[in-house]
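The values are calculated or read from the model by the stated rules, or taken from the named source; none is laboratory data. Note that the structure is predicted; figures quoted are calculated from it, not measured. Quick reminder, even Gly has a Cβ in these numbers, built from the backbone with ideal geometry, and neighbours come from all protein chains shown.
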Amino acid sequence: MVMLSGKTAVVTGGSRGIGSGIALELARAGAAVAVNYQGNAEAASRVVASIRAAGGRAIAVQADVGRPEQVARMMERVGAELGGIDIVVNNAGICPFRDVFDIDMDVWEETIRTNLTGVFVCSQAGARLMKERGAGGAIVNISTITSYRGGAEQVHYAASKGGVNALTASMANALGVYGIRVNAILCGGVVTDINRDRVPEALRTPKATTDSLPIGRLGDPEDLGKAVVFLASPQSEWITGVQLAVDGGFMVSEGKYAHRKR
Ligand SMILES: NC(=O)c1ccc[n+]([C@@H]2O[C@H](COP(=O)([O-])OP(=O)(O)OC[C@H]3O[C@@H](n4cnc5c(N)ncnc54)[C@H](O)[C@@H]3O)[C@@H](O)[C@H]2O)c1
(Lines give C-alpha, C1' and ligand atoms only; values in the text may rest on other atoms or scores of the structure.)
Protein backbone atom coordinates (compact mmCIF):
# COMPACT_ATOMS: atom_id res chain seq x y z
CA MET A 1 0.00 0.00 0.00
CA VAL A 2 1.53 3.34 -1.02
CA MET A 3 -1.28 5.72 -0.10
CA LEU A 4 1.20 8.22 1.32
CA SER A 5 4.04 8.09 -1.16
CA GLY A 6 5.67 11.50 -1.61
CA LYS A 7 4.38 12.63 1.81
CA THR A 8 6.42 13.46 4.89
CA ALA A 9 5.28 12.79 8.45
CA VAL A 10 6.52 13.79 11.89
CA VAL A 11 5.58 11.40 14.71
CA THR A 12 6.16 12.78 18.20
CA GLY A 13 7.27 10.24 20.77
CA GLY A 14 7.93 7.90 17.86
CA SER A 15 10.76 5.91 19.39
CA ARG A 16 8.66 3.35 21.27
CA GLY A 17 5.17 2.08 22.07
CA ILE A 18 2.27 3.35 19.99
CA GLY A 19 4.45 6.04 18.38
CA SER A 20 6.81 3.45 16.89
CA GLY A 21 3.83 1.49 15.51
CA ILE A 22 2.51 4.69 13.93
CA ALA A 23 5.92 5.51 12.42
CA LEU A 24 6.23 2.00 10.94
CA GLU A 25 2.71 2.01 9.46
CA LEU A 26 3.17 5.48 7.94
CA ALA A 27 6.42 4.29 6.37
CA ARG A 28 4.70 1.12 5.09
CA ALA A 29 2.12 3.41 3.45
CA GLY A 30 4.95 5.19 1.63
CA ALA A 31 5.59 8.29 3.78
CA ALA A 32 9.03 9.56 4.73
CA VAL A 33 8.99 9.65 8.54
CA ALA A 34 10.70 11.87 11.10
CA VAL A 35 10.81 9.91 14.33
CA ASN A 36 10.78 12.41 17.20
CA TYR A 37 12.28 11.49 20.55
CA GLN A 38 12.84 13.40 23.75
CA GLY A 39 15.88 11.65 25.25
CA ASN A 40 16.37 8.14 23.91
CA ALA A 41 18.29 8.63 20.64
CA GLU A 42 19.17 4.93 20.49
CA ALA A 43 15.52 3.80 20.54
CA ALA A 44 14.67 6.34 17.83
CA SER A 45 17.59 5.08 15.70
CA ARG A 46 16.24 1.53 15.94
CA VAL A 47 12.86 2.63 14.53
CA VAL A 48 14.65 4.61 11.79
CA ALA A 49 16.82 1.57 10.98
CA SER A 50 13.86 -0.77 10.62
CA ILE A 51 12.09 1.71 8.31
CA ARG A 52 15.24 2.02 6.19
CA ALA A 53 15.77 -1.74 6.17
CA ALA A 54 12.33 -2.09 4.61
CA GLY A 55 13.27 0.43 1.92
CA GLY A 56 11.66 3.51 3.48
CA ARG A 57 12.99 6.99 4.31
CA ALA A 58 13.34 8.10 7.92
CA ILE A 59 15.33 10.35 10.23
CA ALA A 60 15.42 10.71 14.02
CA VAL A 61 14.76 14.19 15.41
CA GLN A 62 15.10 15.32 19.01
CA ALA A 63 12.72 17.76 20.71
CA ASP A 64 10.76 18.07 23.92
CA VAL A 65 7.27 18.67 22.50
CA GLY A 66 6.46 21.20 25.21
CA ARG A 67 9.37 23.50 24.29
CA PRO A 68 8.48 25.78 21.37
CA GLU A 69 12.06 26.65 20.41
CA GLN A 70 13.08 22.96 20.23
CA VAL A 71 9.93 22.12 18.25
CA ALA A 72 10.48 24.97 15.79
CA ARG A 73 14.05 23.75 15.20
CA MET A 74 12.83 20.18 14.72
CA MET A 75 10.12 21.14 12.22
CA GLU A 76 12.56 23.30 10.21
CA ARG A 77 15.02 20.42 10.09
CA VAL A 78 12.36 17.93 8.95
CA GLY A 79 11.15 20.35 6.28
CA ALA A 80 14.68 20.91 5.01
CA GLU A 81 15.86 17.27 5.10
CA LEU A 82 12.71 15.47 3.99
CA GLY A 83 11.24 18.16 1.74
CA GLY A 84 8.34 19.79 3.58
CA ILE A 85 5.87 18.48 6.15
CA ASP A 86 2.50 16.99 5.19
CA ILE A 87 1.53 15.09 8.34
CA VAL A 88 2.02 15.76 12.05
CA VAL A 89 1.08 13.00 14.48
CA ASN A 90 0.89 14.25 18.06
CA ASN A 91 1.50 11.02 19.91
CA ALA A 92 3.94 11.97 22.70
CA GLY A 93 2.33 11.79 26.10
CA ILE A 94 2.73 10.90 29.76
CA CYS A 95 0.34 9.38 32.27
CA PRO A 96 1.75 9.50 35.80
CA PHE A 97 -0.96 7.59 37.70
CA ARG A 98 -1.73 9.37 41.01
CA ASP A 99 -4.39 9.35 43.68
CA VAL A 100 -6.33 12.63 43.34
CA PHE A 101 -4.88 13.95 46.63
CA ASP A 102 -1.33 13.25 45.46
CA ILE A 103 -1.52 15.32 42.27
CA ASP A 104 0.75 18.19 43.20
CA MET A 105 1.31 21.21 40.97
CA ASP A 106 4.51 19.73 39.49
CA VAL A 107 2.72 16.60 38.28
CA TRP A 108 -0.31 18.60 37.11
CA GLU A 109 1.79 21.09 35.15
CA GLU A 110 4.11 18.51 33.60
CA THR A 111 1.10 16.49 32.42
CA ILE A 112 -0.64 19.51 30.88
CA ARG A 113 2.65 20.80 29.44
CA THR A 114 3.45 17.52 27.69
CA ASN A 115 0.01 16.28 26.67
CA LEU A 116 -1.81 19.52 25.85
CA THR A 117 0.74 22.32 25.39
CA GLY A 118 2.90 19.88 23.40
CA VAL A 119 0.06 19.15 20.99
CA PHE A 120 -0.60 22.85 20.52
CA VAL A 121 3.07 23.73 20.01
CA CYS A 122 3.71 20.93 17.47
CA SER A 123 0.44 21.56 15.63
CA GLN A 124 1.10 25.30 15.36
CA ALA A 125 4.69 24.84 14.21
CA GLY A 126 3.78 22.10 11.72
CA ALA A 127 0.76 24.00 10.39
CA ARG A 128 2.86 27.14 9.92
CA LEU A 129 5.16 25.26 7.54
CA MET A 130 2.20 23.59 5.80
CA LYS A 131 0.54 26.97 5.29
CA GLU A 132 3.74 28.54 3.87
CA ARG A 133 4.14 25.63 1.46
CA GLY A 134 0.49 25.82 0.38
CA ALA A 135 -0.01 22.08 -0.13
CA GLY A 136 -2.37 21.41 2.79
CA GLY A 137 -1.76 18.68 5.31
CA ALA A 138 -3.11 16.48 8.08
CA ILE A 139 -2.69 16.60 11.83
CA VAL A 140 -3.64 13.57 13.92
CA ASN A 141 -3.80 13.85 17.71
CA ILE A 142 -3.61 10.75 19.89
CA SER A 143 -6.23 11.29 22.58
CA THR A 144 -7.83 8.63 24.75
CA ILE A 145 -11.08 6.96 25.75
CA THR A 146 -10.18 8.14 29.27
CA SER A 147 -11.07 11.69 28.22
CA TYR A 148 -14.70 10.42 28.18
CA ARG A 149 -14.77 7.56 30.67
CA GLY A 150 -12.46 9.08 33.30
CA GLY A 151 -9.98 7.36 35.56
CA ALA A 152 -9.73 7.70 39.35
CA GLU A 153 -5.95 8.02 39.20
CA GLN A 154 -5.94 9.89 35.88
CA VAL A 155 -7.66 13.18 36.73
CA HIS A 156 -4.80 15.30 35.34
CA TYR A 157 -4.25 12.98 32.36
CA ALA A 158 -7.94 12.89 31.40
CA ALA A 159 -8.15 16.70 31.72
CA SER A 160 -5.14 17.15 29.42
CA LYS A 161 -6.64 14.84 26.79
CA GLY A 162 -10.08 16.48 27.07
CA GLY A 163 -8.19 19.65 26.17
CA VAL A 164 -6.74 17.85 23.15
CA ASN A 165 -10.28 16.96 22.00
CA ALA A 166 -11.35 20.61 22.24
CA LEU A 167 -8.15 21.80 20.56
CA THR A 168 -8.77 19.34 17.71
CA ALA A 169 -12.21 20.83 16.97
CA SER A 170 -10.96 24.41 17.01
CA MET A 171 -7.77 23.71 15.03
CA ALA A 172 -9.94 21.95 12.42
CA ASN A 173 -11.96 25.17 12.17
CA ALA A 174 -8.89 27.38 12.02
CA LEU A 175 -6.87 25.38 9.51
CA GLY A 176 -9.45 24.02 7.06
CA VAL A 177 -9.05 27.14 4.95
CA TYR A 178 -5.41 26.13 4.33
CA GLY A 179 -6.38 22.60 3.35
CA ILE A 180 -5.14 21.25 6.67
CA ARG A 181 -7.34 18.63 8.35
CA VAL A 182 -7.14 18.02 12.11
CA ASN A 183 -8.51 14.87 13.71
CA ALA A 184 -8.14 12.98 16.97
CA ILE A 185 -8.04 9.30 17.82
CA LEU A 186 -9.58 8.12 21.07
CA CYS A 187 -7.10 5.35 21.75
CA GLY A 188 -8.17 2.32 23.77
CA GLY A 189 -6.09 -0.12 25.78
CA VAL A 190 -2.65 -0.97 24.37
CA VAL A 191 -0.01 -2.41 26.69
CA THR A 192 3.05 -0.13 26.60
CA ASP A 193 5.54 1.41 29.04
CA ILE A 194 2.88 3.97 29.98
CA ASN A 195 0.62 1.39 31.69
CA ARG A 196 2.35 -2.02 31.74
CA ASP A 197 2.70 -2.21 35.52
CA ARG A 198 -1.05 -1.47 35.88
CA VAL A 199 -2.15 -4.24 33.52
CA PRO A 200 -2.85 -7.74 34.88
CA GLU A 201 -0.06 -10.20 33.98
CA ALA A 202 -2.36 -12.25 31.70
CA LEU A 203 -3.00 -9.23 29.47
CA ARG A 204 0.62 -8.18 29.01
CA THR A 205 1.28 -10.28 25.91
CA PRO A 206 0.64 -8.91 22.39
CA LYS A 207 -2.94 -9.42 21.17
CA ALA A 208 -4.00 -10.66 24.63
CA THR A 209 -7.65 -11.67 24.57
CA THR A 210 -10.25 -10.10 26.83
CA ASP A 211 -13.97 -10.77 27.22
CA SER A 212 -14.66 -7.16 28.13
CA LEU A 213 -14.39 -5.79 24.57
CA PRO A 214 -16.65 -6.46 21.57
CA ILE A 215 -13.46 -7.15 19.58
CA GLY A 216 -12.04 -9.62 22.04
CA ARG A 217 -8.46 -8.39 22.33
CA LEU A 218 -6.42 -5.42 23.42
CA GLY A 219 -4.92 -3.18 20.78
CA ASP A 220 -1.39 -3.09 19.47
CA PRO A 221 0.58 -0.10 18.17
CA GLU A 222 -0.08 -1.12 14.55
CA ASP A 223 -3.86 -0.88 15.10
CA LEU A 224 -3.33 2.79 15.90
CA GLY A 225 -0.86 3.16 13.04
CA LYS A 226 -3.42 1.94 10.52
CA ALA A 227 -6.02 4.42 11.78
CA VAL A 228 -3.45 7.23 11.56
CA VAL A 229 -2.65 6.26 7.96
CA PHE A 230 -6.37 6.53 7.15
CA LEU A 231 -6.73 9.96 8.80
CA ALA A 232 -3.55 11.19 7.11
CA SER A 233 -4.46 9.94 3.63
CA PRO A 234 -6.79 11.20 0.90
CA GLN A 235 -9.14 8.34 1.91
CA SER A 236 -10.35 10.71 4.66
CA GLU A 237 -10.23 13.93 2.63
CA TRP A 238 -13.73 15.03 3.77
CA ILE A 239 -13.13 14.25 7.44
CA THR A 240 -11.93 16.90 9.87
CA GLY A 241 -12.51 17.72 13.53
CA VAL A 242 -13.60 14.20 14.49
CA GLN A 243 -12.67 12.00 17.42
CA LEU A 244 -12.34 8.48 16.06
CA ALA A 245 -12.46 5.76 18.71
CA VAL A 246 -9.86 3.09 17.96
CA ASP A 247 -10.49 0.97 21.00
CA GLY A 248 -11.75 -2.52 20.18
CA GLY A 249 -15.26 -1.25 20.92
CA PHE A 250 -14.56 -0.05 24.47
CA MET A 251 -16.64 3.14 24.07
CA VAL A 252 -19.75 1.15 23.16
CA SER A 253 -19.05 -1.92 25.26
CA GLU A 254 -21.91 -3.23 27.36
CA GLY A 255 -19.71 -5.47 29.47
CA LYS A 256 -18.88 -9.12 29.07
CA TYR A 257 -18.51 -10.99 25.81
CA ALA A 258 -18.04 -14.73 25.78
CA HIS A 259 -15.58 -14.77 22.86
CA ARG A 260 -14.01 -18.03 23.87
CA LYS A 261 -17.38 -19.83 23.81
CA ARG A 262 -18.01 -19.12 20.12
N1 LIG B 1 -1.19 2.71 25.86
C2 LIG B 1 -2.48 3.00 25.98
O3 LIG B 1 -3.30 2.18 26.41
C4 LIG B 1 -2.98 4.37 25.57
C5 LIG B 1 -4.36 4.60 25.65
C6 LIG B 1 -4.84 5.85 25.27
C7 LIG B 1 -3.98 6.82 24.81
N8 LIG B 1 -2.64 6.57 24.76
C9 LIG B 1 -1.78 7.64 24.28
O10 LIG B 1 -0.89 7.15 23.30
C11 LIG B 1 0.28 7.97 23.28
C12 LIG B 1 1.51 7.07 23.27
O13 LIG B 1 1.60 6.37 24.51
P14 LIG B 1 2.22 4.93 24.68
O15 LIG B 1 1.15 4.07 25.23
O16 LIG B 1 2.92 4.50 23.46
O17 LIG B 1 3.25 5.19 25.87
P18 LIG B 1 4.85 5.27 25.91
O19 LIG B 1 5.19 5.74 27.27
O20 LIG B 1 5.44 3.99 25.45
O21 LIG B 1 5.20 6.37 24.82
C22 LIG B 1 5.10 7.75 25.07
C23 LIG B 1 6.14 8.43 24.20
O24 LIG B 1 6.04 9.85 24.39
C25 LIG B 1 7.36 10.35 24.58
N26 LIG B 1 7.34 11.61 25.31
C27 LIG B 1 6.89 11.84 26.57
N28 LIG B 1 7.07 13.13 26.89
C29 LIG B 1 7.65 13.73 25.81
C30 LIG B 1 8.08 15.05 25.53
N31 LIG B 1 7.96 16.04 26.43
N32 LIG B 1 8.63 15.31 24.32
C33 LIG B 1 8.76 14.33 23.37
N34 LIG B 1 8.37 13.05 23.60
C35 LIG B 1 7.84 12.76 24.81
C36 LIG B 1 8.09 9.24 25.32
O37 LIG B 1 9.49 9.39 25.26
C38 LIG B 1 7.56 8.02 24.58
O39 LIG B 1 8.31 7.80 23.41
C40 LIG B 1 0.19 8.88 24.48
O41 LIG B 1 -0.25 10.16 24.07
C42 LIG B 1 -0.87 8.22 25.34
O43 LIG B 1 -1.55 9.14 26.17
C44 LIG B 1 -2.12 5.36 25.13
- Are any residues in the stretch 224-251 within 24 Å of VAL33 (Cα to Cα), out of contact with any helix residue (DSSP H, G or I) (no Cβ under 8 Å at 6 or more places or on another chain) and of a type in the set (D, E, K, R), and if so, which ones? GLU237
- How many of the residues making up the stretch 88-113 are touching a residue at least 24 places away in the same chain (Cβ under 8 Å) and of a type in the set (Phe, Trp, Tyr)? 2
- Residue in the stretch 189-234 that is nearest to the ligand (Cβ to nearest atom), counting only those that are part of a loop (DSSP other than H, G, I, E, B) and in contact with a Leu (Cβ under 8 Å, 6 or more places away or on another chain): GLY189
- Note on the structure: Over the stretch 1-36, the set of residues within 10 Å of the ligand (Cβ to nearest atom) and crowded, with 24+ Cβ neighbours inside 10 Å is VAL11, THR12, GLY13, GLY14, SER15, ILE18, GLY19, SER20, GLY21, ILE22, VAL35, ASN36
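Results for (1) near the ligand (Cβ under 9 Å from one of its atoms); (2) in a helix (DSSP H, G or I); (3) of a type in the set (D, E, K, R), shown as yes or no for each residue.
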| position | (1), (2), (3) |
| --- | --- |
| VAL65 | yes, no, no |
| GLU69 | no, yes, yes |
| ARG77 | no, yes, yes |
| ALA80 | no, yes, no |
| ILE85 | no, no, no |
| VAL88 | no, no, no |
| GLY93 | yes, no, no |
| ARG98 | no, no, yes |
| PHE101 | no, yes, no |
- Message: Residue pairs, Cβ under 8 Å, 6 or more apart or interchain, first in the stretch 206-231 and in contact (Cβ under 8 Å) with a residue 40 or more places away in the chain and more than 15 Å from VAL252 (Cα to Cα), second buried (at least 16 other Cβ atoms within 10 Å of the Cβ) and hydroxyl-bearing (Ser, Thr, Tyr). List them.
- Response: PRO221/SER20; PRO221/THR192
- Message: Take the conditions under 15 Å from the mean Cα position of the chain (by Cα), within 13 Å of the ligand (Cβ to nearest atom) and not in a helix (DSSP H, G or I) and apply them to GLY151. Does it pass?
- Response: no
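Would you check if there is a residue in the stretch 81-95 being over 26 Å from ALA58 (Cα atoms) and either modelled with pLDDT of 95 or more or surrounded by 18 or more Cβ atoms within 10 Å (Cβ to Cβ) (or both)?
Scanning the stretch 81-95 turns up at least one residue that is over 26 Å from ALA58 (Cα atoms) and either modelled with pLDDT of 95 or more or surrounded by 18 or more Cβ atoms within 10 Å (Cβ to Cβ) (or both).
One residue is enough: does the stretch 47-55 have a residue meeting the conditions more than 13 Å from the ligand (Cβ to nearest atom) and crowded, with 19+ Cβ neighbours inside 10 Å? Break it down into steps so the answer makes sense when it comes.
Let us first name the residues in the stretch 47-55 that are more than 13 Å from the ligand (Cβ to nearest atom), namely 48-55.
Filter again for crowded, with 19+ Cβ neighbours inside 10 Å, leaving 48, 51.
Yes, the stretch 47-55 has at least one match.
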- Item | Which listed residue is within 13 Å of ALA54 (Cβ to Cβ) and assigned to a strand (DSSP E or B), from VAL33, VAL10 | VAL33
- Out of (1) buried (at least 18 other Cβ atoms within 10 Å of the Cβ); (2) within 20 Å of ASP247 (Cα to Cα); (3) not aromatic (Phe, Trp, Tyr), the odd one out for SER123 is which? (2)
- Going through the stretch 178-188 one residue at a time, which ones are more than 21 Å from ARG149 (Cα to Cα) and within 10 Å of the ligand (Cβ to nearest atom)? none
